[in-house]
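Below is one structure, written out as structure tokens; comments come after it.
The values are calculated or read from the model by the stated rules, or taken from the named source; none is laboratory data. Bear in mind that the values here come from a model prediction, so they are computed numbers and not experimental data. Heads up, the Cβs are rebuilt from the backbone with ideal geometry, glycines too, and the neighbour counts pull from every protein chain shown. Calculation scope for accessible area: heavy atoms of the full protein, side chains included, ligands and nucleic acids excluded. Shrake-Rupley method; radii C 1.70, N 1.55, O 1.52, S 1.80 Å.
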Amino acid sequence: MSQSDNPARQNSHTLWGGRFSEPTDEFVQRFTASVNFDQRMYNQDINGSLAHARMLEQAGILTNVECQAIIDGLESIRADIRDGKFSWSVALEDVHMNIESELTKRIGPTGKKLHTGRSRNDQVATDIRLFVRDAIDVLASELTRLQYALVDLAEREAATIMPGFTHLQTAQPITFGHHLMAWNEMLDRDYSRLLDCRKRLNVSPLGAAALAGTSFPIDRHFTAGQLGFDMPSRNSLDSVSDRDFAIELAACGSLLMTHLSRFSEELVLWTSTQFDFIDLPDRFCTGSSIMPQKKNPDVPELVRGKTGRVNGHLIALLTLMKSQPLAYNKDNQEDKEPLFDLLDTLLDCVKAYADMVPAITAKKENMYLAAKKGYATATDLADYLVKKDMPFRDAHEVVGKTVAYGLQQNKDLSELSLSELRQFSDSITEDVFEVLTLEGSVGARNHIGGTAPQQVLAAVANYRILLQQR
């Protein structure tokens, strides 16, 4: 039998074909291949291989000459991939085997020694942790940029009065700057969660091999240090099968998108004719194909819509892992597409907001007029009466009756005369009008976390220090 007629020879283009007596079915080859999407981890794969090669040299498994040949070969492959000169092969299944096969072509049999003491299982586990860690760093940087934008805008609008809402009904006067700093608080928790997730993922699975470790005298602390990990993972079975970090990131991402979606909903409302509180720059909006007057807030709407996409990836990853026995299973190949799309979506949405927020223009007069509607200073009148020694529940009732009267007269509380107000309580005197103005209401909430302009500016100053320390 010739070599070309030997089924084992026909399957020898794979790096694992020695045990098989017939080639992989062509459809199965395409169905099981991941190279079309995992090739984006080429940098992380090469970095992992460089660390592994240096460790093998240190352990006496590779000579200095062999190690240097591997390093030079991998760097030349990296350059070709970066420059679009590398040919990816579905027949070689994934990013790892494509790079290893090409390395052997370029430097000869020495390339085959690189896989000593490791498996594709710990290799991919290492690559994906490196990839996610890099992505978290970029995302955290963009989050910081967005927070700076919010802080800058809040500072400009620290004294801009607008209505605060509960149940989407006018509740009390607040400042636009205070509202923006509430958004910032949500993002700050998102940033903290990302760093916490990064801390847990930053352990090195490299050296766990297929599932049981290796009999070679490897130094896992060395490779962990080379790759910037805090330490090597502690259990080889868990090392190759753990995807908790991906699920945790997806959960963090879902919360982040929930926050961006809430921001988006408010921006969509505020740009509507009915609210008309803000203006978004034209470059973040689109028009209508039929209605020439339209200016649609497409970016916030799309961010709001993409929240479902990210939430779906969280469910996909949870479902992927829910029934897997230890250790590695082919199911885990399905972690990458949702994870990659999740990261791309998060980064795009945060970048869109970081670019858009600095250009938001507040329509201050419209906000002020809206705050004057809905008896927003009613709570201030109740507080005023309490300070005049009236029990709060009694004050609440008095103010309720006063509001009912104002509705009948079509007057705001600040528009009622002293004699009209005194119909409901003799405790009301001329000084009441100091608390019934919007400025008086907002300024009275001058405590940590309050909406008074000086408190907004203090919060802005504190956050600038925190952001600069990152």
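Points worth noting:
- Residues that are β-branched (Val, Ile, Thr) and over 19 Å from ASN121 (Cβ atoms), drawn from the range 92-106: THR104
- Near pairs, Cβ below 9 angstrom, 6+ apart or cross-chain, from the range 450-470 (over 16 Å from PHE176 (Cβ atoms) and in a helix (DSSP H, G or I)) to any residue that is open to solvent by 40 Å² or more (accessible area, probe 1.4 Å) and hydrophobic (A, V, I, L, M, F, W, C): ALA458/ILE448
- Lone qualifier among ALA251, ALA212 - being surrounded by fewer than 20 Cβ atoms within 10 Å (Cβ to Cβ), of a type in the set (Gly, Ala, Ser) and touching a residue at least 60 places away in the same chain (Cβ under 8 Å): ALA251
- Members of the range 258-297 that are part of a helix (DSSP H, G or I), over 13 Å from ILE360 (Cα atoms) and among the aliphatic types (A, V, I, L, M): LEU260, LEU269
- Candidates ARG198, ARG193 - the one that is open to solvent by 20 Å² or more (accessible area, probe 1.4 Å), part of a helix (DSSP H, G or I), touching a Cys at 6+ places or on another chain (Cβ under 9 Å) and not small (Gly, Ala, Ser): ARG193
- Exactly one residue out of LEU416, LEU407 is farther than 30 Å from ASP152 by Cβ and open to solvent by less than 80 Å² (accessible area, probe 1.4 Å): that is LEU416.
- If you go through the range 47-93 and keep only what is under 19 Å from GLN333 (Cα atoms) and without any contact (Cβ under 8 Å) to a residue 60 or more places away in the chain, you end up with TRP88, SER89.
- Taken over the range 78-101, the criterion of being in a helix (DSSP H, G or I) and farther than 16 Å from ILE46 by Cβ is satisfied by VAL90, ALA91.
- Residue satisfying condition, being touching a residue at least 24 places away in the same chain (Cβ under 8 Å) and among the acidic types (Asp, Glu), within set GLU415, GLU397, GLU439: GLU439
- Residue-level analysis places ALA158 among those that are in contact (Cβ under 8 Å) with a residue 60 or more places away in the chain, within 23 Å of SER441 (Cβ to Cβ) and of a type in the set (A, V, I, L, M, F, W, C).
- Looking only at residues of the range 1-57 that are charged (D, E, K, R) and open to solvent by less than 40 Å² (accessible area, probe 1.4 Å), we find that the one that is modelled with the lowest pLDDT is ASP38.
- Odd one out for PRO232 among (1) under 30 Å from LEU267 (Cβ atoms); (2) touching a strand residue (DSSP E or B) at 6+ places or on another chain (Cβ under 6 Å): (1)
- Residue count, the range 178-219 (criterion: of a type outside the set (Lys, Arg), more than 14 Å from the chain's Cα centre (by Cα) and under 28 Å from HIS52 (Cβ atoms)): 19
- Screening ILE128 on (1) surrounded by fewer than 22 Cβ atoms within 10 Å (Cβ to Cβ); (2) over 16 Å from the mean Cα position of the chain (by Cα); (3) in a helix (DSSP H, G or I) shows it passes everything except condition (1).
- Screening CYS349 on (1) closer than 30 Å to ALA208 by Cβ; (2) touching a Lys or Arg at 6+ places or on another chain (Cβ under 8 Å) shows it passes everything except condition (1).
- Check on THR170, in a strand (DSSP E or B), open to solvent by 30 Å² or more (accessible area, probe 1.4 Å) and β-branched (Val, Ile, Thr): yes
- Flag for GLU265 being among the charged types (D, E, K, R), within 30 Å of ILE278 (Cα to Cα), at pLDDT 95 or above and out of contact with any Phe, Trp or Tyr (no Cβ under 9 Å at 6 or more places or on another chain): yes
- Within the range 393-411, one or more residues are of a type outside the set (S, T, N, Q), out of contact with any helix residue (DSSP H, G or I) (no Cβ under 6 Å at 6 or more places or on another chain) and not in a helix (DSSP H, G or I).
- Residue within the range 281-300 that is touching a Phe, Trp or Tyr at 6+ places or on another chain (Cβ under 7 Å) and modelled with pLDDT of 95 or more present: no
Rundown of residues vs (1) modelled with pLDDT of 95 or more; (2) open to solvent by 40 Å² or more (accessible area, probe 1.4 Å), yes/no style:
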| site | (1), (2) |
| --- | --- |
| LEU326 | yes, yes |
| ASN332 | no, no |
| LYS336 | yes, no |
| ILE360 | yes, no |
| LYS364 | yes, yes |
| TYR368 | yes, yes |
| ALA378 | no, no |
| LYS387 | no, yes |
| VAL399 | no, no |
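- With respect to being modelled with pLDDT of 95 or more, surrounded by 13 or more Cβ atoms within 10 Å (Cβ to Cβ), touching a Ser or Thr at 6+ places or on another chain (Cβ under 9 Å) and at negative phi, ILE77 falls outside the description.
- Any hit, the range 298-307, residues being among the polar types (S, T, N, Q), in contact (Cβ under 8 Å) with a residue 12 or more places away in the chain and either assigned to a loop (DSSP other than H, G, I, E, B) or over 30 Å from THR214 (Cα atoms) (or both): yes
- Within the set ASP137, ASP152, the sole residue that is surrounded by fewer than 23 Cβ atoms within 10 Å (Cβ to Cβ), within 30 Å of SER239 (Cβ to Cβ) and either modelled with pLDDT under 95 or among the acidic types (Asp, Glu) (or both) turns out to be ASP137.
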